[in-house]
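The next block holds one structure in the form of structure tokens; read it before the comments.
None of the figures in this text is laboratory data; all of them are computed from the coordinates on show. None of these values were measured; they are calculated from a predicted model. Neighbour counts run over all protein chains shown; Cβ positions are idealised from the backbone, glycine included.
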Amino acid sequence: MIRAFQIAVIGWLSVWLMGCTPAEKQKPIWEKVKIGDIAPTQTDKLPVKPLKTINFDAHIFEIPAENVGKLKDIWQTLYTKPLRFNNYNAFKANLFSVHYGQSEMWNKTLDSLRAAGGQRIVKVSLLLSDSQYGGLAVTGLDSQRNISYVSSDGSREAASIGPGVVALRIEAQKIPASRGVCNVVAYPVFSPPIRTSIPQLAAQAKLREFSFSCAGFGLKMGQGDFVVLGPEKYLSDQTELGGLFFSNPEGRMFFSEAERKLPQRKPAVRIFLLVCTGINY
């Protein structure tokens, strides 16, 4: 009987001592998590659809106005046959000139621009959806101005524009039956400043836009094709469409490597290059 009582006491003490042993401290859950456990779900097996866009690079060069005659070296190496015009006579009357080239002519065209003292001052990449347009800002107007131009019907007219921005608007549209080719239309346009995010007010501001369709042109383009847009001659008069669009009477600093002279500020002429860099359709 006594022995049985001793066994019971010893067993009770054993249970009591085990219960007093401090439990093992559990680690915070973040110490158990491996970096691989919180990595994002792999999506490399999911199909990624490329954006359907028509892509362009638009460049603005400036050359000294005194070298505008050297543009003939560029015109003679390029083509005009693929180009279409709203009205060719009005286009020429406003002193606009445009020529078309292909990828193998690109380097020679750039060399001719540099030989004329050309400096690239702007490069813009445009990614346009089908039937969407983009713009290349040319010059700003800080006040209202009357601009004279020859309209598509051959009459001389005047447009009251400003303040705002004169730009080269570029529209692109895919050709359903032709893969890798798009229709491109470009023309000068004036746009007033839009200082509101309210759609209704923004739409009203856009109604004040003025498109100089008389100087518009179009063509089919594929990857590597480009156009060069420039003036027939230098026109300093900023009240004429051709002078406003192409001329920079205030000029810029030009450096002549051949003559090794110090840089000189000279009146300048703008030259526009538009190259198709891809058609993702």
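Ranked by how many other Cβ atoms sit within 10 Å of their own Cβ, fewest first, the residues I198, I147, I60, I121 fall in the order I198, I121, I60, I147. Shown is the FRET efficiency for D142 and R179, computed with R0 = 45 Å from the Cβ-Cβ distance and rounded to the nearest 0.05: 0.50.
When the listed pairs K52/K174; K233/K266; K52/K81 are checked against a 22 Å cut-off, the alpha-carbon distance exceeds it for K52/K81. In this simple spin-label approximation, I198 and K123 carry label points 7 Å from Cα along the Cα→Cβ vector, and these lie 4.2 nm apart. Exceedance of the 26 Å cut-off in Cα-Cα distance is limited, within the set K92/K261; K72/K123; K70/K123, to K92/K261. Taking packing as the residue-averaged number of other Cβ atoms within 10 angstrom, the listed peptides 66-73, 227-234 run from highest to lowest as 227-234, 66-73.
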